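Trainee: Here's a structure for you.
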Amino acid sequence: NKRLRTVLDRAGHVIAPTEFVRQTYARAGLSSARTVTIRHGIEMPQRELAAARERLSTRTRDGRLHIGYIGSIGWQKGIHILIEAVNTLPAESVQLTLYGNLTSFPDYVTALQGMIQHPGIDLAGPVSRENLWMALAEFDVVVMPTLWFEVSPLTIDETFAVGVPIVASRIGAMSEKIEDGVNGRLFPAGNAGALERILTDIVADPRLLGDWRAGIPPVQSIGQHVQEIEALYQSTLDTV
């Protein structure tokens, strides 16, 4: 900590990807005047994204709400909370597909497999980078039930880039990137009952999804991110 503090104290600026992180830095004693928030950008392959958006808008739905999760399969991500919530929903109303590496935390995966009761839940393993966009397009909504602080999940940006709304834990940077009732919903971290109620509301009124899709904000590209970084470097040099 002493060595890191020395490095940070000598920096012209310290970059945070979200206000949550910037405020965390401030609580740790870093100068707010030197801390700048610059959002992450993502690579957005136009052809793949266009195909995914077309798939999302035209695919045939079977009447079930298709819920998705893409990310690490570990306790801190709260996947057991999501499974607990979906277990309580009618078999004919929802489908849940969970993408992620099943070998990193094998004991946790075994526990998840043991708690699955709903026939529509599928631990599908990892999805390749080239198939990510089309995989997202198969979902009506993505759920991120994380239990620990998130800095600035790129999964949110990737999901929004396709046009899929998100239901997520109200923790860390999640409530900064997801606006409750505008482009998705937020629920108290670890509260499976609150998550179940949100999913039940969506099943009862699928028009909510269209409203949230319309509220998805523009996603920052990696090129825009680089431009902001370069501008900050230049402004720092200009004051030296």
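The values are calculated or read from the model by the stated rules, or taken from the named source; none is laboratory data. What you see is a predicted model; the values in this text were computed from it and never measured. Counting neighbours? That spans all protein chains shown, and the Cβs are built from the backbone with ideal geometry, glycine included. Just so you know, the surface numbers come from the protein's heavy atoms only, side chains and all, with ligands and any DNA or RNA stripped out. Shrake-Rupley method; radii C 1.70, N 1.55, O 1.52, S 1.80 Å.
Trainee: Taking the Cβ-Cβ separation of Gln76 and Ala231 as r and a Förster radius of 25 Å, what is the calculated FRET efficiency to the nearest 0.05?
Mentor: Rounded to the nearest 0.05, the efficiency is 0.10.
Trainee: Provide Rg and Dmax in Å for the range 81-240, with only Cα atoms included in the calculation.
Mentor: Rg then Dmax for the range 81-240, in Å: 17.9, 65.
Trainee: Whose amide H sits under 5 Å from the amide H of Ile121, counting only residues 5 or more places off or on another chain, with H placed in the peptide plane?
Mentor: For Ile121, whose amide H was placed from the backbone, the distant partners under 5 Å are Leu96.
Trainee: On to the next question. For Ile70, what residues show an amide H to amide H distance below 5 Å, using hydrogens built from the backbone and excluding near sequence neighbours?
Mentor: Distant-sequence amide H within range of Ile70: Tyr99.
Trainee: Kindly write out, for the range 122-133 in residue order, the coupling ³J(HN,Hα) from the Karplus curve 6.51 cos²θ - 1.76 cosθ + 1.60 (θ = phi - 60°), rounded to whole Hz, with x marking Gly and Pro.
Mentor: 10, 7, 8, x, x, 10, 6, 4, 5, 9, 4, 5
Trainee: Now a separate question. Please list, ordered by chain and number, the residues whose modelled amide H lies under 5 Å from the amide H of Ser221; skip anything fewer than 5 residues away on the same chain.
Mentor: Amide H neighbours of Ser221: Ile42.
Trainee: Still on this structure, please answer the following. Carbon and sulfur: what percent of the range 87-240's accessible surface (1.4 Å probe)?
Mentor: 55 percent
Trainee: Follow-up question, since we're still on this one. For n ≥ 4 DSSP H runs only, could you compute -39500 (n - 2.57) per run for the chain, divide by its residues and tell me the 222 nm figure to the nearest 500?
Mentor: My calculation for the chain gives -13000 deg cm²/dmol from helical runs alone.
Trainee: When you count, for each residue, the other Cβ atoms within 10 Å and take the mean per peptide, how do 133-140, 55-62, 122-129, 193-200 rank with the highest first?
Mentor: Ranked by mean Cβ neighbours within 10 Å, highest first: 133-140, 193-200, 122-129, 55-62.
Trainee: Per-residue HN-Hα couplings for the range 159-164, Karplus 6.51 cos²θ - 1.76 cosθ + 1.60 at θ = phi - 60°, whole Hz, x for Gly and Pro?
Mentor: Taking θ as phi minus 60°, the curve returns 5, 5, 4, 6, x, 9 Hz for the range 159-164.
Trainee: So with the 1.4 Å probe, I'd like the accessible area per residue for the chain, rounded to whole Å².
Mentor: 51 Å²
Trainee: A further question on this structure: What are the extents of the Cα atoms of the range 1-89 along their three principal axes, listed from largest to smallest and rounded to whole Å?
Mentor: Projected onto its principal axes, the Cα set of the range 1-89 covers 57, 37, 19 Å.
Trainee: Quick check: the angle from helix 106-115's long axis to the longest principal axis of the chain, C-alpha only, nearest 10 degrees?
Mentor: Compared with the principal axis, the helix lies near 40 degrees.
Trainee: Take each of the peptides 14-21, 33-40, average the number of other beta-carbon atoms within 10 Å over its residues, and list them starting from the highest.
Mentor: For the peptides 14-21, 33-40, the packing ranking is 14-21, 33-40.
Trainee: OK, next. What net charge is computed for the residues neighbouring Pro218, neighbours being all others with C-beta under 13 Å from the C-beta of Pro218, Lys and Arg scored +1, Asp and Glu -1?
Mentor: Values: positive: Arg39, Lys177; negative: Asp157.
Surrounding charge for Pro218 is +1.
Trainee: Picking from Pro206, Ala28, Ser93, whose Cα lies most toward the positive end of the charge dipole for the chain (charges on Cβ: Lys, Arg +1; Asp, Glu -1)?
Mentor: Positive-end residue among those listed: Ala28.
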